[in-house]
Amino acid sequence: MKVKLFAGAALCLALIMGAGACAPLCAEEISREHALETALKNADVPRKDAYNVKIERDEEKGIAVYKIEFETRYGDYGFEVARESGRIIGADYEVDEKWLHALGGSPVSIDEAKRIVQKKVSGSRFKDIRMRREGGGHEARYEGELFHEGIKYEFEIDPKTGRIFDWNADLRG
């Protein structure tokens, strides 16, 4: 009787342990649409402007992701969005400079440009953003980088519009 009880308890424990071990692997993932909306919001692109949208399941540095690509009249965009958390772990886009001024915006100081980046990278700290002004006249831009939660961000911002026109995020591991 004690042996059967012990065996039953051991089986129960094994099932519980197995279920616990499976929990991270069995976690519900975000939908393709949610991943696309996350990418569009991050890029500040209205849904109506995106075309040739491609969403594929993939893996990036051991993380299950949706690889998202889309085009607009003003640039091509690529994102990797973690399927489990919805976190963007990779991004690459560049806005065509001829469209930059047509998109509008207002002039920004270097500190305001840092705040734009800080708002875009949730949880980042202002003091961790490195930025400098490059060029002059029509070629003027703020260039910078930020390391946050294992991701290296590199970017360029137009000081005349406050628009990010070049953005790269790369998970380092």
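The values are calculated or read from the model by the stated rules, or taken from the named source; none is laboratory data. These numbers come from a predicted model, not from an experiment. All Cβ positions, even for glycine, are placed from backbone atoms using ideal geometry, and neighbour counts span all protein chains on display.
Hey, could you check segment 84-97 for residues that are of a type outside the set (Asp, Glu) and closer than 17 Å to Trp167 by Cα and say which is farthest from the chain's Cα centre (by Cα)? Filtering first and then ranking leaves Val95. Scanning segment 114-173 for residues that are at pLDDT below 95, of a type in the set (Gly, Ala, Ser) and on the phi < 0 side of the Ramachandran plot yields Ser122, Gly136, Ala140, Gly173. With respect to (1) within 30 Å of Glu33 (Cβ to Cβ); (2) of a type outside the set (Lys, Arg); (3) surrounded by fewer than 15 Cβ atoms within 10 Å (Cβ to Cβ), the lone exception for Asp128 is condition (1). For the residues Ala91, Ala113, the requirement of being crowded, with 19+ Cβ neighbours inside 10 Å, under 25 Å from Ala64 (Cβ atoms) and not β-branched (Val, Ile, Thr) singles out Ala91.
Considering only residues of segment 145-173 that are of a type in the set (Gly, Ala, Ser) and exposed (fewer than 15 other Cβ atoms within 10 Å of the Cβ), which is farthest from Lys127 (Cα to Cα)? Selected residue: Gly173.
Within the set Val81, Val53, the sole residue that is surrounded by fewer than 20 Cβ atoms within 10 Å (Cβ to Cβ) and either under 20 Å from Glu156 (Cα atoms) or among the β-branched types (Val, Ile, Thr) (or both) turns out to be Val53.
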